[in-house]
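The values are calculated or read from the model by the stated rules, or taken from the named source; none is laboratory data. Computed from a predicted model, the values in this text were never measured in an experiment. When we count neighbours, we look across all protein chains shown, and the Cβ atoms used for this are built from the backbone with ideal geometry, even at glycine.
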DNA sequence: CGGCATCCTCTTTGATACTG
DNA sequence: CAGTATCAAAGAGGATGCCG
């Protein structure tokens, strides 16, 4: 990217991460951990292959990611965030919180990966009863399952199916999002195709920030 | 901007503010308040005029700014952030904090406006003695003067010269930044051309976050 | 003067195909 | 698997002109 040429910390930050796709690559590496090239492509539907290669080179040159040749049996290149790269989580959190409103009103034509719930869920949900025992809500939106762990005042999205979820929401991403965001009643979501199995009262445990 | 087409709050946010120059326009409106077209151009050196006009239209369509015809004697169009637009301050804060490191190492060829110190100063300085009386540090980097007000646990950058600054730093932006960031000793900065007039002990009042 | 629109060039991105 | 190569399309940058 051409530098803005401005002595301003915001402009300097955007000089490095303001390019198209760059912050979404960081999003993948933050939510997924070290990734292969192929993993990144899968998590970034729409990106052109040459552009991904270019961005990875730029991110490496900027010191935000490292490229390591994993030993057998993996035998592949792994892209991983440096500490400096991981510090961008605060930026993604801020963007994720600001962007939540757009998710509720989005139409159904978007691509979806379950890990993308991370920045929405962790930034606008909160544990309304930190002293109560931890509860988990399993989410299944057709993609790989994830679950939300709520407890100790923290809300965290984790990969994989919950071992013993208190509640499981199955259905389209928009319905799950609508219910979690409190923009959709459970009734409405159910009649639109969402299925909710388990203890429905745990929904009250996650309040909007 | 072409939408990423991803059902992710980060991607949705970037669909709206991910375009080149967009967040810097928001920066100007946050640090300066309502601006005329000409004010924006002055605060965004390097932007093409047609591009600014395009971005302003997009921001208005997205509901982040409003355009109001100011009555005489001003008799001009004023661009102003909506609440939704102002909520982007958190994003700019996060970017500003992340980008501070780049300012210390930047070369001297960048454009500079004193209000650009805002996101650097407010995000990496802190009031180390909240109970002590407020102190102000005047900054004069050749541009319009600004001053940092430190007190009550808060650090704020304000426009204009301080009425009675406890300390005044005059010199190149990088020298002022280096001293505030603690990356440059006052001696080194002075021999590089910085002048510091007043009570030097107030520098200890602003610690790095 | 303030707020653009036009025209032109150059760079970046996108889509797809191909390769060690 | 991890990229290049190629080419078309879109966007950005810069100069200038227009109109109240």
message = Looking only at region A:1-15, how many residues end up being surrounded by fewer than 24 Cβ atoms within 10 Å (Cβ to Cβ) and either under 20 Å from residue A:87 (Cβ atoms) or more than 7 Å from every other protein chain (Cβ to nearest Cβ) (or both)?
response = 4
message = Regarding region B:40-47, can at least one residue be identified that is facing chain A (nearest Cβ under 9 Å), assigned to a helix (DSSP H, G or I), under 18 Å from the mean Cα position of the chain (by Cα) and modelled with pLDDT of 95 or more?
response = no
key: Residue, farthest from residue A:126 (Cα to Cα), within region A:161-179, restricted to residues that are in a loop (DSSP other than H, G, I, E, B) and in contact with a strand residue (DSSP E or B) (Cβ under 7 Å, 6 or more places away or on another chain)   = A:171
task = Return yes when residue A:63 is in contact (Cβ under 8 Å) with a residue 12 or more places away in the chain, outside any helix (DSSP H, G or I) and not assigned by TED's automatic domain parsing to the domain that holds residue A:180 and no when it is not.
result = yes
task = Please note which helices (runs of 4 or more DSSP H) are completely contained in region B:69-156 and include at least 3 residues that are within 14 Å of chain A (Cβ to nearest Cβ) and in contact with a helix residue (DSSP H, G or I) (Cβ under 6 Å, 6 or more places away or on another chain).
result = B:89-105, B:117-124
message = Looking at region A:106-119, can you tell me whether even one residue there is over 21 Å from residue A:47 (Cα atoms) and within 16 Å of the chain's Cα centre (by Cα)?
response = no
ask   = Hey, any hits in region B:28-38 for a residue that's touching a residue at least 12 places away in the same chain (Cβ under 8 Å), surrounded by fewer than 19 Cβ atoms within 10 Å (Cβ to Cβ), more than 9 Å from DNA strand C (Cβ to nearest atom) and outside any helix (DSSP H, G or I)?
value = yes
